[in-house]
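As structure tokens, the structure follows; a few thoughts come after it.
The numbers here are math on the coordinates, done by the rules we state, and not lab data. Quantities reported herein were computed from a predicted structural model and do not represent experimental measurements. Here the Cβ is made from the backbone with ideal geometry for all residues, glycine too, and neighbour counts use every protein chain on show.
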Ligand code: C2O
Ligand code: CU
Ligand code: CU
């Protein structure tokens, strides 16, 4: 089945059972208001002011949807700055993608924008602004989206863990989100690691139950090195998409790299005994391992086994035809410092350090800048991603899912993704079917790199 059919003819293709589940196929769901606003929250000892969220005193909520069902959001901007909302990983219509100038005009102070789309894929995704990106994300506006499978996969409960750093001074006020030194290298790290804006929260789940743990790295910079301490678990999805291979569960000494933008879903079997804890730990440079979040067993339920879970159903991603693929090459590297990106409504860091194919992006409001590549619609394309720098880059492509097929440095499992971590000097070939037309942003998800040149877009005709 073609994905576009699913997008535009979903109700018809779902058949009678699907229609019953959808309720009325004609009545669109009511739009949910997402009000971007200033917030205050106690991240540490004192309230941190000047945060950005969707309510005055809480982290951005998890937004829930269901595969194949329409979602509507009215984003309202109460800030003094411009904004635009992007739905990271969702393969939706280009006009709903939330990229200023490329897909919509920025949302001005006091203005709103109505987003409506139907997620074709189930899985763990997230949302964040794509205008004033550094300012608004660093101050907190990064939230998780859960798109439920059309059929219940059989967990007892789930937990969503939104990992991110904040950069605070001793009085818990914000430090500048970036430094020129950081932007020109690996990025400027935060100094307070949080899960759901808390330090090491512990969540209760039934003893012996099966929990779906959705872990999302929404940080602007940090590549988290994560592992589980205790319990039995299995990785069931990566960057939204079900995995079809057996991946090692990350343990102490062999952590999993989760770069900005990436997500991992784990099926976790809670200990049968009450009061035991499974810990999601992070290795941080030069520090003892840190508890990011815990799952604690409570009560006494029936003891369930991971083997009871069926594999998650595949998402409707088209399979590449490598025999007929077209190759496109991209080089990610430094650029001699040139003019600062132009200072449009969407903010500039004031520097240019990075480039794609030797061309630094000229700023969010870049006019007359063409696509890095034009991909013929419906065809398979191989993108060769070459990292010419000693820094790591999580390279993200909007609107399409892709799969790595080769690396010069490691053997990569064939995991569908939208964000590929390129190691130092690594060259990775990724494959995709260009089945979603439009201009799709293509950039590093270290926001300092994105905002100092490492950005462009691909056009699917
Ligand atoms: Cu998660 Cu272009 O972004
Ligand atoms: Cu995205
Ligand atoms: Cu980068």
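Below, the figures for the structure above:
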read-out	value
Pair residue 326, residue 64: separation of 7 Å Cα→Cβ label points (nm)	4.3
Residues listed by number, the range 232-251, amide nitrogen under 17 Å from residue 283 label point at 7 Å toward C-beta	248-251
Residue order, fewest to most surrounding Cβ atoms within 10 angstrom, among 389, 53	389, 53
Residue 46-residue 202 pseudo-label distance in nm [points 7 Å out on the Cα-to-Cβ vector]	2.9
Chain lengthening between residue 232 and residue 411 when straightened (0.36 nm per residue, less Cα-Cα)	61.9 nm
Residues residue 274 and residue 191, FRET efficiency given R0 of 41 Å [Cβ-Cβ distance, rounded to 0.05]	0.70
Extension gain from residue 461 to residue 251, taking 0.36 nm per residue of separation minus the Cα-Cα distance	71.2 nm
Among beta bridges that DSSP assigns inside the range 157-308, antiparallel share in %, nearest 5	75
Residue-averaged [θ]222 nm for the chain, counting only DSSP H segments that reach four residues, each worth -39500 (n - 2.57)	-2000 deg cm²/dmol
Rounded to 5, percent antiparallel among DSSP beta bridges of the chain	75
The range 322-460: relative contact order in percent, alpha carbon pairs under 8 Å with at least 6 residues between	31
Burial ranking of peptide ranges 305-311, 170-176, 449-455 (average Cβ count within 10 Å, highest at the top)	449-455, 170-176, 305-311
Overall form of the chain per C-alpha gyration tensor (a/c, 1.5; a/b vs b/c)	rounded
Peptide ranges 322-333, 219-230 listed from the most packed, as the mean C-beta count within 10 angstrom indicates	219-230, 322-333
Pairwise centroid distance, computed over Cα atoms, of the range 416-461 with the range 263-310, Å	32
For the range 322-460: rounded, prolate or oblate by the Cα gyration tensor [a/c cutoff 1.5]	oblate
Stretch gain in nm, segment residue 57-residue 30, where the contour uses 0.36 nm per residue and the Cα spacing is subtracted	7.2 nm
Distance between the range 345-401 and the range 153-211 - C-alpha centres, whole angstrom	27
Contact order normalised by residue count of the chain, Cα under 8 Å, 6+ apart, percent	14
Two-site label geometry, residue 384 and residue 114: point separation in nm, points 7 Å out along Cα→Cβ	4.7
By average C-beta atoms within 10 angstrom, highest first, the peptides 356-362, 207-213	207-213, 356-362
Mean separation of Cα contacts under 8 Å (6+ apart) over length of the range 126-281, as relative contact order %	24
Ratio of the Cα radius of gyration of the range 65-143 to 2.2 N^0.38 Å, where N counts its residues	1.06
